[in-house]
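Below: the structure, in structure tokens.
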Amino acid sequence: MKLWGDKWNINAEIESFETKDDLIIDQELAPYDVLGSLAHAQILLQQSIITKIEHAKIRKGLKEIFHLAKQGKLRLNLGDEDIHTKIESYLTEKYGEVGKKIHTGRSRNDQVLTALRLLIKDRLLSVEKEMLSLSNNFIEFAKRYQFMPMPGYTHMQKAMPSSVGMWSASFAEALLDDLQVIQTAYRLSDQSPLGSAAGYGVPIALDRKLSAKLLGFAKIQNNSLYCQNSRGKIEAVVIIALVTILSDINRFANDILLFTMSEFSFFSASPELYTGSSLMPQKKNLDVAELLASKVKRVLGNYVTVVTTPLNLLSGYNRSLQDIKKPLLESLNTVLDCIKTATLLLANLTPNEENLTKAITPEMFAAHSVFQQVQKGSSFREAYQQISKNLNTVVLQDLPIVLRNSKNEGSTGNLGLRKLSTQLQKEVRATGKKRRDLDMQWSKLLN
Ligand code: ARG
């Protein structure tokens, strides 16, 4: 039985077309929809729309659904429509009349928005945790190889001497920037749409602030119509935030692909990271880096799907918005996978000091020679022209000294690793607190 009654007898093929994606995706959404329903039930009790006994039955049923979903045992079949319909039918089938009361004052439109926001918050906190751990590993790698020489390139041509420390710490810092974008996406998602109903509110008093608080939202999203109109917009911000992480992982993976080529051999990866070829017995392929580099392209595709889905729709709910769920979930899951895999890749990399050092050739000190002349009183341009005419006079300088003496902020001798670590630890504590607070709120609802 559909929530919209039996007056329409929907064609089975049409129904399958409309719902078959949801039957799978909504299994992942289920625990969050249960949380939303638990909060809603509590509001109904507070308003005496249901009795204490009814409330207890509803809670029992909802918790059963939660555990079924967590164990992967909640199956949605053709006819179940979506998780929202499934929850009500489950309650009605198992607990009778009370099941028919849970939907008082809500719509699937605010229900799905609420469940999605909870899922996003949950996943983004995992993303934060994993990206901070990856960033920390880049800092550790930078510390370990702080002054190991590494050629610096511009235009893919050798430029100036640099260090493995600088290379590695650049990714640590990048991830801390990405974290700010993730936090913005988190804040936007941290608003409760519950109680906005179909998009036009309800004529009964439902304590929206309380349901928001019960679910661990920072605040309510006020305007009922805007709640619906923000669907897709906020998800697009979430995905573009994920893209910033994947862009950095793309750069890391591409660097590694080049630097592990036999022609470079700047780094080697542990044997367990390689795959072979079905035809060429000698092959050693670093597929993991190739796939890490490519994921940003897929997720950007998801971004385009999600950011364009709400375009040209009339204000209010439109069924097209349903198509946002799959690319959103895929993006969140892909990014979590990628961060964990990039962490493994980094843990299995060893820089090759000999090759790295050998690759730093005398001409790379040309700019240093210019600066030395400037220190002796020449103008920069004059010194530049002088060195440029006599490039053969430029010689290798003592690398450890050059790298350590580059003391300007952000240079090889002053990477600011300690400051970076402090900033990272602060973020680790903040993320940990958000996670504990959210878990506490949710377990209160469930217990
Ligand atoms: N599966 C739907 C979605 O994701 C749930 C909301 C359906 N609302 C409706 N009025 N048909 O959008």
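Each reported figure results from applying straightforward, stated rules to the coordinates on display, with no laboratory input. Computed from a prediction, not measured in an experiment: that's the story for all the values here. Counting neighbours? That spans all protein chains shown, and the Cβs are built from the backbone with ideal geometry, glycine included.
In this structure, the amide hydrogen of residue 268, modeled 1.01 Å from its nitrogen in the peptide plane, lies closer than 5 angstrom to those of 350, 352, counting only residues at least 5 positions away or on a different chain.
With a Förster radius of 51 Å applied to the C-beta separation of residue 143 and residue 311, the computed FRET efficiency comes to 0.60.
When the chain is described by a simple charge dipole with +1 on each Lys and Arg Cβ and -1 on each Asp and Glu Cβ, the residue from 29, 442, 276 located farthest towards its positive end is 442.
Taken over the stretch 1-132, the ratio of Cα radius of gyration to 2.2 N^0.38 Å equals 1.10. Among 10, 339, 245, 204, the ranking by other beta carbons within 10 Å of each residue's beta carbon, starting with the fewest, stands as 204, 10, 339, 245. Against the chain, whose longest principal axis comes from its Cα atoms, helix 52-70 is set at around 40 degrees.
Taking a quarter of the surface of the Cα convex hull of the stretch 104-144, what do you get in nm²?
Working: hull surface 11.5 nm².
Averaged projected area of the stretch 104-144's Cα convex hull equals 2.9 nm².
When 13, 88 are sorted by how many other C-beta atoms sit within 10 angstrom of their C-beta, beginning with the fewest, the order is 13, 88. Per DSSP H run of n ≥ 4, the term is -39500 (n - 2.57); total these for the chain, divide by its residue number, and report the mean residue ellipticity at 222 nm rounded to 500 deg cm²/dmol. Mean residue ellipticity, 222 nm, calculated: -21000 deg cm²/dmol. For the stretch 374-441, the set of trypsin sites (Lys or Arg not before Pro) satisfying both a DSSP loop assignment and a count of at most 12 other C-beta atoms within 10 Å is given as 376, 407.
Angle of helix 325-347 to the longest C-alpha principal axis of the chain, folded into 0 to 90 degrees and rounded to 10: 40°.
Sorted from fewest to most neighbouring beta carbons within 10 Å, what does the list 8, 442 look like? Mind showing how you got there, number by number?
Numbers: 8 8, 442 20.
Starting with the residue having the fewest Cβ neighbours, the order is 8, 442.
Rounded to the nearest whole Hz, the Karplus-based 3J(HN,Hα) values (6.51 cos²θ - 1.76 cosθ + 1.60, θ = phi - 60°) of the stretch 224-234 follow the sequence 4, 5, 5, 3, 5, 5, 8, 5, x, 5, 5, with x at glycine and proline. Label separation (residue 262 vs residue 291): 2.5 nm, computed from points 7 Å beyond Cα along the C-beta direction.
Dimensions of the chain based on its C-alpha atoms, expressed as ranges along the principal axes with the largest first, amount to 91, 53, 42 Å. Between residue 73 and residue 200, the contour length at 0.36 nm per residue exceeds the alpha carbon distance by 42.2 nm. If you fit an axis through the alpha-carbon atoms of helix 12-46 and take the longest principal axis of the Cα set of the chain, what angle between them do you get, 0 to 90°, nearest 10? Once rounded, the angle reads 80 degrees. Across the chain, Cα pairs under 8 Å and at least six residues apart give a relative contact order of 18 percent.
Specify the inter-centroid distance of the stretch 213-243 and the stretch 340-395, based on alpha-carbon positions, in whole Å. Computed from Cα coordinates, the inter-centre distance equals 49 Å. Of the trypsin sites (Lys or Arg not before Pro) in the stretch 45-146, the ones in a loop by DSSP (not H, G, I, E or B) with at most 16 other beta carbons within 10 Å are 73, 75.
Please identify the GluC sites (Glu not before Pro) of the stretch 371-447 that satisfy two criteria: DSSP loop assignment and at most 12 other Cβ atoms within 10 Å. Which are they?
Values: sites: 382, 409, 427; in loops: 409.
For GluC sites (Glu not before Pro) across the stretch 371-447 that sit outside H, G, I, E and B with at most 12 neighbouring Cβ atoms in 10 Å, the list reads 409.
How many percent of the alpha carbon pairs in the stretch 310-408 exceed a separation of 22 Å?
Details: 3068 of 4851 pairs.
Across the stretch 310-408, Cα pairs with separations above 22 Å total 63 percent.
Comparing mean-square fluctuations of 247, 278, 162 from a GNM of the chain with C-alpha springs under 10 Å, the top value falls on 278. Here the gap between residue 10 and residue 421, fully extended at 0.36 nm per residue and compared with their Cα-Cα distance, gives a gain of 142.0 nm.
For the chain, modelled as a GNM whose springs connect Cα atoms under 10 angstrom apart, the maximal fluctuation among 369, 189, 268 occurs at 369.
In terms of Cα atoms, the Rg and Dmax of the stretch 153-304 work out to 23.1, 73 Å.
Once R0 is set to 60 Å, what does the formula 1/(1 + (r/R0)^6) return for the Cβ-Cβ distance between residue 393 and residue 207, expressed as a FRET efficiency to the nearest 0.05?
Details: r = 80 Å, r/R0 = 1.33.
After rounding to 0.05, the efficiency reads 0.15.
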